[in-house]
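What follows is a set of notes on a single structure, which appears directly below.
The values are calculated or read from the model by the stated rules, or taken from the named source; none is laboratory data. Predicted model only: the values in this text are computed from it and were never measured. Cβ sites come from the backbone with ideal geometry, for glycine too, and all protein chains shown count toward neighbours.
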Amino acid sequence: MATYVLIPGADGRAWYWHRLVPELRRRGHDVVAVDLPRESSAGLAEHADAVVRAIGDRAGVVLVAQSLAGFTAPLVCERVAVDQLILVNAMVPAYGETAGQWWENTGQGAARSAYAVGQGRGPAPEFDLLTDFFHDVPQEVTEEAMAQGDSEPSAALFTQPWPLREWPHVPTRFVQGREDRFFPIEFQRRIVGERLGITVEDMPGGHLSALSRPAELADMICRS
């Protein structure tokens with residue numbers, strides 16, 4: 001039995017994982033979904049603190065980090081014993097890079113637009129929450145998400161340089177949705193290969209796979 005500690009992305013709410021949690025528990029695992037600080041001043045250190053507190057004295061920990069949490073999860077691995085880190089549709093940082101710089105540094109905007117053109121949607125317009133994130137999420141789940149209200153990520157998260165000179169010495173996997181419109185899979189294969197030197201494990205679905213395909217994501221996460 002593993003203990004899966006789930007770190008949400010920019011939304012910061014443990015609610016994001018509410019469809020995945022029962023799937024992992026049905027497979028016999030302990031699960032902790034983390035709520036991240038919402039204060040505008042809360043940066044990488046504060047987010048890592050919240051995850052470390054949630055882990056407590058648990059053993060056999062597997063961190064699962066969604067999207068923006070790719071900046072936080074490696075910091076946690078430097079502070080507590082972690083058996084494995086699984087990044088899901090995540091941002092992979094480089095030393096000294098801020099999350100605000102990541103977009104231009106990686107070419108995410110051009111990749112997103114090219115993917116939209118390839119799908120016949122034309123050049124990608126300005127980001128739209130429903131189009132980019134919720135296009136494959138069931139309608140009732142989308143409505144529940146919208147009812148949660150706005151949860152803007154902390155501004156500090158985008159201005160603080162990522163402090164690690166090298167990736168933690170923790171076995172790392174990268175799971176990516178093939179229909180992710182925000183971080184297209186070929187873009188992610190390039191970034192993950194360049195920055196981590198590992199192979200992307202692809203699955204069906206878009207950026208919010210824990211909401212759109214929780215059973216499939218659970219199968220991917222539990223794969224040894």
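Would you call residue 211 over 19 Å from residue 73 (Cα atoms), of a type in the set (A, V, I, L, M) and surrounded by 14 or more Cβ atoms within 10 Å (Cβ to Cβ)?
Values: over 19 Å from residue 73 (Cα atoms): yes; of a type in the set (A, V, I, L, M): yes; surrounded by 14 or more Cβ atoms within 10 Å (Cβ to Cβ): yes.
Against the criterion (over 19 Å from residue 73 (Cα atoms), of a type in the set (A, V, I, L, M) and surrounded by 14 or more Cβ atoms within 10 Å (Cβ to Cβ)), residue 211 qualifies.
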> So which residues in segment 17-36 are charged (D, E, K, R) and more than 18 Å from residue 73 (Cα to Cα), if there are any at all?
Replying inline: 19, 23, 25, 26, 27, 30
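Take residue 107 and decide whether it is surrounded by 13 or more Cβ atoms within 10 Å (Cβ to Cβ), on the phi > 0 side of the Ramachandran plot, out of contact with any strand residue (DSSP E or B) (no Cβ under 9 Å at 6 or more places or on another chain) and of a type outside the set (A, V, I, L, M).
Working: surrounded by 13 or more Cβ atoms within 10 Å (Cβ to Cβ): yes; on the phi > 0 side of the Ramachandran plot: yes; out of contact with any strand residue (DSSP E or B) (no Cβ under 9 Å at 6 or more places or on another chain): yes; of a type outside the set (A, V, I, L, M): yes.
Yes: the conditions hold for residue 107.
Looking only at segment 180-208, how many residues end up being assigned to a strand (DSSP E or B) and either closer than 18 Å to residue 111 by Cβ or among the polar types (S, T, N, Q) (or both)?
To start, the set of residues in segment 180-208 that are assigned to a strand (DSSP E or B) comprises 201-203.
Now drop any that are not either closer than 18 Å to residue 111 by Cβ or among the polar types (S, T, N, Q) (or both), which leaves 202.
Residues flagged as assigned to a strand (DSSP E or B) and either closer than 18 Å to residue 111 by Cβ or among the polar types (S, T, N, Q) (or both) within segment 180-208 amount to 1.
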> Looking at residue 151, is it in contact (Cβ under 8 Å) with a residue 24 or more places away in the chain, surrounded by 21 or more Cβ atoms within 10 Å (Cβ to Cβ) and within 23 Å of residue 36 (Cβ to Cβ)?
Replying inline: no
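How many residues are loosely packed, with under 12 Cβ neighbours inside 10 Å and touching a residue at least 24 places away in the same chain (Cβ under 8 Å) if we restrict to segment 133-148?
So in segment 133-148, the residues loosely packed, with under 12 Cβ neighbours inside 10 Å come out as 139-140, 143, 147-148.
Next, only the ones that are touching a residue at least 24 places away in the same chain (Cβ under 8 Å) stay: 148.
Residues in segment 133-148 being loosely packed, with under 12 Cβ neighbours inside 10 Å and touching a residue at least 24 places away in the same chain (Cβ under 8 Å): 1 in total.
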> How many residues does segment 149-179 contain that are over 20 Å from residue 104 (Cα atoms), at pLDDT below 95 and not small (Gly, Ala, Ser)?
Replying inline: 2
>> Can you say whether residue 130 is in contact (Cβ under 8 Å) with a residue 12 or more places away in the chain, surrounded by 15 or more Cβ atoms within 10 Å (Cβ to Cβ), of a type in the set (A, V, I, L, M) and assigned to a helix (DSSP H, G or I), as far as the supplied structure shows?
In response: no
>> Quick check on residue 114: is it under 23 Å from residue 4 (Cα atoms), out of contact with any Pro (no Cβ under 6 Å at 6 or more places or on another chain) and in a helix (DSSP H, G or I)?
In response: no
>> Quick check on this structure: which one of 196, 217 is under 26 Å from residue 22 (Cα atoms) and either aliphatic (A, V, I, L, M) or without any contact (Cβ under 8 Å) to a residue 12 or more places away in the chain (or both)?
In response: 217
>> What are the pairs with Cβ atoms under 9 angstrom where one residue, in segment 167-187, is closer than 16 Å to residue 64 by Cβ and the other, located anywhere, is at pLDDT below 95 and assigned to a strand (DSSP E or B)? Sequence gap at least six, or different chains.
In response: none
